[in-house]
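Visitor: I have a structure here, written as structure tokens, and I will follow up with some questions on it.
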Amino acid sequence: MDHMWVRVGSNLIARVSGPMKFRLLLQPLMSSFFAMRAGLADAKLGKPPYFWALLSTSGDHMPMIKDGWKSVGGVFIAALVLDAVYQVIELRFVYPGEAIVVALVLAIVPYLMVRGLVTRLARRRRHDLSTTNKQPGMRRAA
């Protein structure tokens, strides 16, 4: 069992300097792009930050999960496929568990972090702009 964890750890660390390392930057950027779009839409509709709403609200989470998957699902699948290609090239074998971990780290984690952050920032900015415009004697900057 210890041997397996050593192998998994060394395989995950080797991805940083191995072939196809560009994906370690590209996939979180793509995920963040889709998260920004969804976070701005959430703020416009007055929805709470995505991950916080998943954790804190009770009831049916399936529509929220489907919405998130619709945004980031393609990036997740691409991360799985690219990691499988990396494993075939570098390791001559595919470890599905490692591919899932890499896809989660490269696609899902940045998406959850960025979507909520963008929603909070956009809502704060909208609130600040609306209160500035309502104060007497205050003019909106052009």
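The values are calculated or read from the model by the stated rules, or taken from the named source; none is laboratory data. These figures come from a predicted structure and were not determined experimentally. Please note: Cβ atoms are built from the backbone with ideal geometry, for glycine as well, and neighbour counts cover all protein chains shown. Only protein heavy atoms, including side chains, enter the accessible area calculation; ligands, DNA and RNA are left aside. Shrake-Rupley method; radii C 1.70, N 1.55, O 1.52, S 1.80 Å.
Visitor: What do you reckon, is ASP67 over 30 Å from ARG126 (Cβ atoms), at pLDDT below 95 and surrounded by 12 or more Cβ atoms within 10 Å (Cβ to Cβ)?
Guide: Answer is no for this residue.
Visitor: Here is a follow-up. Filter the stretch 1-49 for residues that are small (Gly, Ala, Ser) and open to solvent by 60 Å² or more (accessible area, probe 1.4 Å); which is nearest to LEU106 (Cα to Cα)?
Guide: It comes out as SER17.
Visitor: Quick one: VAL118 ticks every box in (1) open to solvent by 50 Å² or more (accessible area, probe 1.4 Å); (2) at pLDDT 90 or above except a single one, so which number is it?
Guide: With respect to (1) open to solvent by 50 Å² or more (accessible area, probe 1.4 Å); (2) at pLDDT 90 or above, VAL118 is out only on (1).
Visitor: Next up: Tell me the helices (runs of 4 or more DSSP H) entirely within the stretch 1-71 that contain at least 3 residues that are in contact with a Leu (Cβ under 7 Å, 6 or more places away or on another chain) and on the phi < 0 side of the Ramachandran plot.
Guide: Fully inside the stretch 1-71 and qualifying: 23-45.
Visitor: Based on what the data block shows, is GLY18 in contact with a helix residue (DSSP H, G or I) (Cβ under 8 Å, 6 or more places away or on another chain) and more than 21 Å from GLN87 (Cβ to Cβ)?
Guide: No: the conditions fail for GLY18.
Visitor: Go through the stretch 2-28 and give me each residue that's free of Cβ contacts under 8 Å to residues at least 60 places away in the same chain and under 30 Å from ARG124 (Cβ atoms).
Guide: LEU25, LEU26
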